[in-house]
Amino acid sequence: MAECIECGAEVETSEDAEEGEIIECPECGVELEIISVEPLELALAPEEEEDWGE
Ligand SMILES: [Zn+2]
């Protein structure tokens, strides 16, 4: 288990979680990237910027 850095909710991670995996917080829906497995660390996944064009 890890803690959502956005809302503090517990986020379930699979046992075979890998670095770089993106998981979604069930509480606030934010996307979290696993930046480290041992110890488990999460970071906000980089948001894709909308390209509005000209
Ligand atoms: Zn959350």
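Just so it is clear, none of the values below were taken in a lab; they were calculated from the coordinates. It should be emphasised that the depicted structure is a prediction, and the values quoted were computed from it without experimental measurement. For neighbour counting, all protein chains shown are included, and Cβ atoms are generated from backbone atoms with ideal geometry for every residue, glycine included.
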message: Positive end of the dipole of the chain, charges at C-beta (+1 Lys, Arg; -1 Asp, Glu), about the Cα centre: which of Ile23, Ala2, Trp52 has its Cα farthest in that direction?
response: Ala2
- request: Could you please report the charge total around Pro26, scoring K, R as +1 and D, E as -1 over all other residues with beta-carbon less than 10 angstrom from its beta-carbon?
  value: -4
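If we sort 37-44, 3-10 on the protection proxy, mean other Cβ atoms within 10 Å, highest first, what's the order?
Details: 37-44: 12.4, 3-10: 14.0.
Ranking, from highest mean packing down: 3-10, 37-44.
Quick one: if you take sqrt(5λ) for each eigenvalue of the C-alpha gyration tensor of the chain, what semi-axes come out, biggest first, whole angstrom? Before the final figure, lay out each step's value.
Numbers: eigenvalues 107, 35, 14 Å².
Values for the chain, descending: 23, 13, 8 Å.
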query: Residues with amide H under 5 Å of Leu42's amide H, sequence separation 5 or more or different chain, H placed in the peptide plane at 1.01 Å from N; which?
result: Ile35
message: Using the Karplus curve 6.51 cos²θ - 1.76 cosθ + 1.60 with θ = phi - 60°, what ³J(HN,Hα) values do you get for each residue of segment 30-35, in whole Hz, with x for Gly and Pro?
response: 6, 8, 10, 9, 6, 9
- line: If each K or R counts +1 and each D or E counts -1, the residues other than Met1 whose Cβ falls under 9 Å of its Cβ total -3
statement: Spelling it out for Leu32: with amide H atoms placed in the peptide plane at 1.01 Å from N, the residues 5 or more places away or on another chain with amide H under 5 Å from its amide H are Ile23, Glu24, Cys25, Ala45
